[in-house]
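> After the structure tokens below, expect a handful of questions from me.
The values are calculated or read from the model by the stated rules, or taken from the named source; none is laboratory data. Everything quoted here is computed from the prediction, not taken from an experiment. Glycine also receives a Cβ, built like all others from the backbone with ideal geometry; neighbour counts cover every protein chain displayed.
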Amino acid sequence: MIEGHGDDLYRYGGKVRHNFSSNIRDFGSHEALMRHLASKEHLLRSYPEPEPTRLETALAEALGVAPEQVMAFNGATEAIYMIARRYAGAVSGIDTPTFSEYEDACRLNGHIITGGDDPHCRLLWSCNPNNPTGTATPSEAMARMLDSHPGRMTVIDASYAGYSVKPVMSVGEMLTRSNVMVLGSFTKRFGIPGVRLGYLAGSPALLEPLRRMRMPWSMGALSIEAGLYLLEHAVDYRIDREGLHREALRIAAAFNDMGIATSATDCNFLLCRLPCGEAAALKEWLVEHHGILIRDASNFRGLDKRYFRVAAQTPAENDLLIEALRKWTE
């Protein structure tokens, strides 16, 4: 899906003042990161590492796994498409609504798409916590699911794990199983969607075919350097998951009072359904009259034109969103 994701600020020419369309925690200024990158100007004059080995080593240390169990990518989406290519033609299980790139990548590579409960499924795609609903499968339930299908490959997208108020399985716990690969995202963890940094963790046997598919110099030197800096300074990028979740629940309560149904989220974002009308019209109205951007969620498979998604921001901004929706529903 080239078009149709959230955070499409580029469409609105500076009209947006409050961005609820992206599920990412806004850490404010990245001034320290930018100063660090500016000090690395010499990296522009040389090729980067053919493979991002230093970043993968640092990632492995942060995750508590071996370096050969990690691959770095230009965003988790690149890893999704490479996995789909590696298992071209597979029967893939995708329960909807969920992140659309799993299905897009699978269709591009000739997969047969089915549900996760289909006994013919050989490759399951699981977003935990799930986008767009914000619901999380806790550790014990995830362990039971994985162990009940030992012959099935499971790709777990854990990009939003840092936002979940429910305890979810760590990467190390998931990798005790030989049939699991785990996706992660610097975008969500550090609030840097423009840099494009993600990773995939799995057993060396699972990752080796993917390493052979990777192009040389697949990651730029400044992206690698940004990743190394962020891992070293992770303590400066704290996610207040409990506070964000409380704000999401406050938004949900206000929306429910207006007749807008919301998902039972475990994270900072909500899937919402208008009682009538279209989310696309609401989106344009909010930008034009309030400088607020939401995510039109009608293009998630299984959802209709009434659905939209919002992510909790500051309490003051959330108040603005609630009041704007009250005006829309009056």
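> Filter the range 35-64 for residues that are touching a strand residue (DSSP E or B) at 6+ places or on another chain (Cβ under 6 Å) and assigned to a helix (DSSP H, G or I); which is surrounded by the fewest Cβ atoms within 10 Å (Cβ to Cβ)?
60
> Hey, any hits in the range 159-172 for a residue that's under 18 Å from the mean Cα position of the chain (by Cα), in contact (Cβ under 8 Å) with a residue 60 or more places away in the chain and farther than 26 Å from residue 264 by Cα?
No, every residue in the range 159-172 fails to be under 18 Å from the mean Cα position of the chain (by Cα), in contact (Cβ under 8 Å) with a residue 60 or more places away in the chain and farther than 26 Å from residue 264 by Cα.
> Looking at 93, 110, which is the one that is part of a loop (DSSP other than H, G, I, E, B) and free of Cβ contacts under 8 Å to residues at least 60 places away in the same chain?
Matching residue, one of 93, 110: 110.
Condition check ((1) within 26 Å of residue 77 (Cβ to Cβ); (2) more than 20 Å from the chain's Cα centre (by Cα)) across all residues:
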{"site": "212", "(1), (2)": "yes, yes"}
{"site": "231", "(1), (2)": "yes, no"}
{"site": "239", "(1), (2)": "yes, no"}
{"site": "256", "(1), (2)": "no, yes"}
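> Within the range 180-210, can you find the residues that are assigned to a strand (DSSP E or B) and within 15 Å of the chain's Cα centre (by Cα)?
Step one: filter the range 180-210 for residues assigned to a strand (DSSP E or B), giving 180-185, 198-201.
Once the filter is applied, which keeps residues that are assigned to a strand (DSSP E or B) and within 15 Å of the chain's Cα centre (by Cα), the range 180-210 yields 182, 183, 184, 185, 198, 199, 200.
> Residues being touching a residue at least 12 places away in the same chain (Cβ under 8 Å), surrounded by fewer than 13 Cβ atoms within 10 Å (Cβ to Cβ) and within 30 Å of residue 164 (Cα to Cα): count how many of those fall in the range 206-239.
3
> Which count do you get for residues in the range 187-207 that are at pLDDT 95 or above and closer than 13 Å to residue 72 by Cα?
Result for the range 187-207: 7.
> Specify the residue that is surrounded by the fewest Cβ atoms within 10 Å (Cβ to Cβ); the eligible residues are those in the range 126-179 that are basic (Lys, Arg) and part of a loop (DSSP other than H, G, I, E, B). Lay out the reasoning, then the answer.
As a first pass, look at the range 126-179 and keep what is basic (Lys, Arg): 144, 152, 166, 177.
Next, only the ones that are part of a loop (DSSP other than H, G, I, E, B) stay: 152, 166, 177.
Working: 152: 18, 166: 17, 177: 15.
Among residues in the range 126-179 that are basic (Lys, Arg) and part of a loop (DSSP other than H, G, I, E, B), the one surrounded by the fewest Cβ atoms within 10 Å (Cβ to Cβ) is 177.
> Ok, one more. (1) over 15 Å from the mean Cα position of the chain (by Cα); (2) closer than 30 Å to residue 299 by Cα: which one isn't true of residue 52, the others all being true?
Condition not satisfied by residue 52: (2).
> On to the next question. Say we look at the range 281-313 and pick out the residues that are part of a loop (DSSP other than H, G, I, E, B) and free of Cβ contacts under 8 Å to residues at least 24 places away in the same chain; which of these is nearest to the chain's Cα centre (by Cα)?
298
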